[in-house]
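Read-outs throughout are calculated quantities, based only on the coordinates presented, and are distinct from any laboratory measurement. Quick caveat, the model's predicted, so the values are computed rather than measured. As a convention, Cβ positions derive from the backbone with ideal geometry for all residues, glycine included, and neighbour counts pool all protein chains shown.
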Amino acid sequence: MRIANHFSRALLPLAILLVVAGCAREQVKSQRPSVMPEGRAAMIEAMKVRADYIKAHYMKQEFDIAMRDGLKLHTVVYTPKDASADRTYPILMQRTPYSCGPYGEDKFADRLGQTDDYEKDGFIFACQDVRGKFMSEGDYVNMRPVEGEVNDNTDTWDTVEWMVKNLPGNNGKVGQWGISYPGYYTAVSAINGHPALVALSPQAPIANWFLGDDMHRNGAFNLNLAYGFFHGMGFGHPRPKPTTEWEKRYDFGTPDGYDYFLRLGALSNASKRFRAPIAFWDDITNHPNYDEFWQARDLPSKMKGVRAAVMTVGGWFDTEDLYGPLHIYKSIENQNPGIQNTLVMGPWTHGGWLGSKGDQVGDAEFGRDTSLDYQPVEYAFFKQHLKGEGKADLPEAWMFRTGANEWERFSSWPPKNLQPRTLYFQPEGGLKFDAKPMAANGFGEYVSDPAKPVPYTTEIMTGWSRDYIAADQRFAASRPDVLVYQTAPLTEDVTIAGPIKVKLWVSTTGSDADFIVKLIDVNPDDMPAPSMAERMAGKKSRAGQQTMVRGEPMRARFRNSFEKPEPMTPGKPTAVDYTLNDVLHTFKKGHRIMVQVQSTWFPFIDRNPQRYVPNIYKAKDSDFIKATHRVYQNEKYPTALEVGVLPEA
């Protein structure tokens with residue numbers, strides 16, 4: 001969950017024009033600034049110049065806008081000083097649970113738009129504290145269902161209606177954007193949206209908190225993130241009345257999150273450490289399965305009646321909300337034919353397109369500042385639809401291909417010309433395309449001990465890692481409770497695109513288990529080492545590196561239904577099928593494709609007791625047991641990954 005002030009974005013300069021033209025799979029060229037502010041002094045000076053410009057050119061006002069049920073939502077508005085009936089500007093809005101501060105009409109933010117180009121070009125910037133947060137009235141509800149007379153969709157409608165009628169100097173057009181939770185509110189606004197709301201950019205939007213975003217992955221609980229967000233940051237604490245203050249952060253008493261959460265024990269112990277009641281934690285505990293509580297919060301199924309132009313943005317390495325942009329885009333595409341609907345996916349962590357240069361994540365390097373490629377695209381999108389100036393010339397999907405490190409344009413996502421291929425697990429740790437194993441009894445096995453879970457990162461931290469998602473996995477491959485399968489060195493480039501279907505055949509001596517499958521790009525062992533000068537500058541040797549491309553857990557109790565879990569039968573080979581989120585990655589000639597399988601990923605994912613209990617959130621420490629898991633790779637039970645391979649142009 002990106003915690004950021006709408007008017008406090010990272011400062012990354014950009015040029016305003018983007019040239020995007022040509023065939024469906026060419027590299028996109030953009031006019032980019034030749035330099036970025038380097039060093040702390042330059043950054044501070046650039047921020048001061050930007051803040052001074054805002055004070056000189058904008059007027060600030062604060063309004064409490066009445067919703068249809070009478071509750072008032074606090075809205076902060078910055079209007080260009082030269083706005084008038086003869087010189088009008090569009091409204092660019094964000095709705096957020098993360099504060100629209102600084103509050104007070106004499107206290108100015110040091111940035112308003114995504115970049116300073118927005119401020120110089122001129123927009124009316126509006127930020128609204130959502131219902132029940134900071135200075136707005138009401139009670140806060142996480143992912144408030146859109147059904148009902150009053151919800152986040154109706155609050156947006158009422159706000160837009162008020163702004164276009166009451167803010168002087170507006171041109172009657174409104175755009176909305178946001179990252180993470182504000183991205184979710186942007187997507188919600190699209191549903192049967194207000195006619196004046198003509199351009200939307202949900203970025204890293206939450207789509208479903210049980211199946212894929214933030215709090216769960218395929219029903220497996222994201223302990224690290226949920227505990228840190230609701231308790232550590234205090235987001236889940238009661239707010240009895242409007243306030244300008246943030247909650248104080250929790251002191252974990254140690255920098256070692258792995259040790260902290262291991263000592264926490266079973267999830268049933270968590271509430272004993274809470275500083276205040278957390279209603280949503282109780283909701284999670286009382287709804288362990290995909291019941292009506294979670295189904296009502298499934299946003300993709302609600303994305304109907306969308307009329308605005310939509311540009312959904314996500315990061316291939318977003319550990320929080322990767323499921324969201326992929327599924328929001330897909331649902332809008334399927335349920336709203338004929339509208340402009342574009343997907344942009346870059347090599348970024350959560351919000352990295354504005355919060356970083358986008359040149360690397362973890363141990364993956366991209367050879368360019370990809371954020372500076374993207375920012376003119378977003379700017380052109382809003383200029384086109386809000387001001388009628390220029391044309392963004394966006395394709396259906398504008399995607400960064402990792403491994404090859406280039407941008408590509410697609411007329412559909414996933415691409416329609418993918419070749420279906422199957423990667424079969426082989427005896428002795430092999431992995432081959434379209435070669436079913438012929439052995440009669442092959443399997444790999446390991447003992448999974450909840451008392452010694454596999455760490456998901458080597459970083460020592462209590463927060464959740466952003467870099468693990470593209471980190472070198474050799475630390476995991478060396479453990480006895482991780483199975484490793486890999487191809488021979490590739491004789492040609494192989495590009496995998498779209499979702500990856502996991503087809504596991506497994507068994508356990510317990511009655512429940514988690515299975516984490518990781519797709520990995522293995523560098524050649526003879527990759528040239530960096531020079532002495534490069535090593536002195538901090539460049540690492542990448543020879544033999546095992547870079548994670550995608551990894552997702554599956555809680556086996558949900559193998560047949562997320563609504564109706566069921567135990568596993570000890571010793572019985574069982575099919576566990578699920579889907580990894582999309583990729584667009586080229587495994588280069590000479591590299592290997594690797595798959596790792598394990599049953600713990602701690603503390604990112606909570607530990608499965610491995611003894612079936614009806615509700616893992618209420619399990620006791622005594623419920624946790626060691627178990628031996630088998631992954632089968634034989635003729636009768638062929639474990640495999642089904643992938644789409646993109647033909648070379």
Check: On full extension of the chain, what length is gained from residue 622 through residue 560, given 0.36 nm per residue of separation minus the C-alpha to C-alpha distance?
Finding: 19.6 nm
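Quote the Stokes-Einstein diffusion coefficient, in whole µm² s⁻¹, for the stretch 84-212, based on the Kirkwood radius over alpha carbon pairs, a temperature of 25 °C and a viscosity of 0.890 mPa s. Spell out each step's value before the answer.
Working: Rh = 15.4 Å.
Rounded, D is 160 µm²/s.
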Next item on the list: Taking the Cα centre of the stretch 459-584 as origin, sum charge times position over the Cβ atoms of Lys and Arg (+1) and Asp and Glu (-1), and report the length of that vector in debye to the nearest 20.
Entry: 240 debye
Checklist line | Label-to-label distance, nm, for residues given as residue 192 and residue 291 (7 Å Cα→Cβ offset) | finding: 2.8 nm
Note to self: From the convex hull of the Cα coordinates of the chain, what is the mean projected area in square nanometres?
What the structure shows: 28.2 nm²
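When averaged across all projection directions, what area in nm² does the alpha-carbon convex hull of the stretch 194-310 cover? Intermediate results must be reported in sequence, preceding the final value.
Values: hull surface 39.9 nm².
Averaged projected hull area, Cα only: 10.0 nm².
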Notebook entry, point to check: In the stretch 244-271, which residues have a backbone nitrogen under 13 Å from the label point lying 7 Å from residue 479's Cα in the Cα-to-Cβ direction?
Noted result: 258-259, 262
Note to self: Viscosity 0.692 mPa s, temperature 37 °C: what is the translational diffusion coefficient of the stretch 189-262 from Stokes-Einstein with a Kirkwood Rh over Cα pairs, rounded to a whole number of µm²/s?
What the structure shows: 211 µm²/s
Notebook entry, point to check: From the backbone phi of the stretch 104-111, what are the Karplus-calculated ³J(HN,Hα) couplings (6.51 cos²θ - 1.76 cosθ + 1.60, θ = phi - 60°) in whole Hz, Gly and Pro given as x?
Noted result: x, 5, 9, 10, 9, 6, 8, 7
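Can you tally the net charge around residue 134? Count Lys and Arg as +1, Asp and Glu as -1, for every other residue whose Cβ sits under 14 Å from the Cβ of residue 134.
-1
Multiplying the sequence separation of residue 82 and residue 241 by 0.36 nm and subtracting their Cα-Cα distance, what value in nm do you get? Can you show the working numbers first?
Details: separation 159, 0.36 × 159 = 57.24 nm, distance 3.64 nm.
Gain on stretching residue 82 to residue 241: 53.6 nm.
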Next item on the list: Provide the net charge surrounding residue 485, with neighbours chosen by a C-beta distance below 12 Å and charges set as Lys +1, Arg +1, Asp -1, Glu -1.
Entry: +2
Checklist line | Crossing angle, helix 370-382 versus the chain [Cα axis fit, 0-90 degrees, rounded to tens] | finding: 40 degrees
Next item on the list: Extending each Cα 7 Å along its Cβ direction at residue 543 and residue 121, get the distance between those two points in nm, one decimal.
Entry: 4.9 nm
Notebook entry, point to check: Taking a threshold of 20 Å on the Cα-Cα distance, which of the pairs 60/81; 133/618; 572/636; 432/501; 357/539 fall above it?
Noted result: 133/618
Check: Using 0.36 nm per residue, how much length does the chain from residue 68 to residue 149 gain when fully extended, once their Cα-Cα distance is taken away?
Finding: 28.3 nm
Next item on the list: Tell me, rounded to the nearest percent, the portion of alpha carbon pairs in the stretch 309-402 spaced more than 20 Å apart.
Entry: 38 percent
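Can you tell me the order of 316-329, 156-169 when each peptide is scored by its average per-residue count of other Cβ atoms within 10 angstrom, highest first?
Numbers: 316-329: 26.4, 156-169: 18.2.
Ranked by mean Cβ neighbours within 10 Å, highest first: 316-329, 156-169.
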Next item on the list: Go through 257, 348, 301 and say which Cα lies farthest out towards the positive end of the charge dipole of the stretch 237-360; charges sit on Cβ, +1 for Lys and Arg, -1 for Asp and Glu.
Entry: 301
Notebook entry, point to check: On average over all directions, what projected area in square nanometres does the stretch 272-357 have, based on the convex hull of its Cα atoms?
Noted result: 8.3 nm²
Item checked: Debye log10 I(q)/I(0) for the stretch 416-485, one point scatterer per Cα, at q = 0.13, 0.14 Å⁻¹ -> -0.60, -0.68
Next item on the list: Quick one: which residues, 5 or more positions from residue 342 or on another chain, have an amide H under 5 Å from its amide H? H modelled 1.01 Å from N in the peptide plane, none for Pro or chain starts.
Entry: 310, 311, 312
Check: What are the extents of the Cα atoms of the stretch 130-170 along their three principal axes, listed from largest to smallest and rounded to whole Å?
Finding: 34, 23, 13
Checklist line | Sparse-neighbour loop sites [GluC sites (Glu not before Pro); the stretch 340-415; at most 13 other C-beta within 10 Å; DSSP] | finding: 389
Note to self: At 10 °C and a viscosity of 1.306 mPa s, what translational diffusion coefficient does Stokes-Einstein give for the stretch 546-605, taking Rh as the Kirkwood radius over Cα pairs? Give it in µm²/s as a whole number.
What the structure shows: 110 µm²/s
Notebook entry, point to check: For 206, 500, 460, what ranking results if the residue with the fewest other Cβ atoms within 10 Å of its Cβ goes first?
Noted result: 460, 500, 206
Notebook entry, point to check: What order do you get for 120-126, 487-493, 226-232, 285-291 when each peptide is scored by the mean count of other beta carbon atoms within 10 Å, highest first?
Noted result: 226-232, 120-126, 285-291, 487-493
Note to self: Just to verify a number: FRET efficiency for residue 248 and residue 141, C-beta to C-beta distance, R0 = 22 Å, to 0.05?
What the structure shows: 0.40
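Can you run the Rg to Rh ratio on the stretch 419-645? Use alpha carbon positions and the Kirkwood inverse-distance Rh.
My calculation puts Rg/Rh at 0.98.
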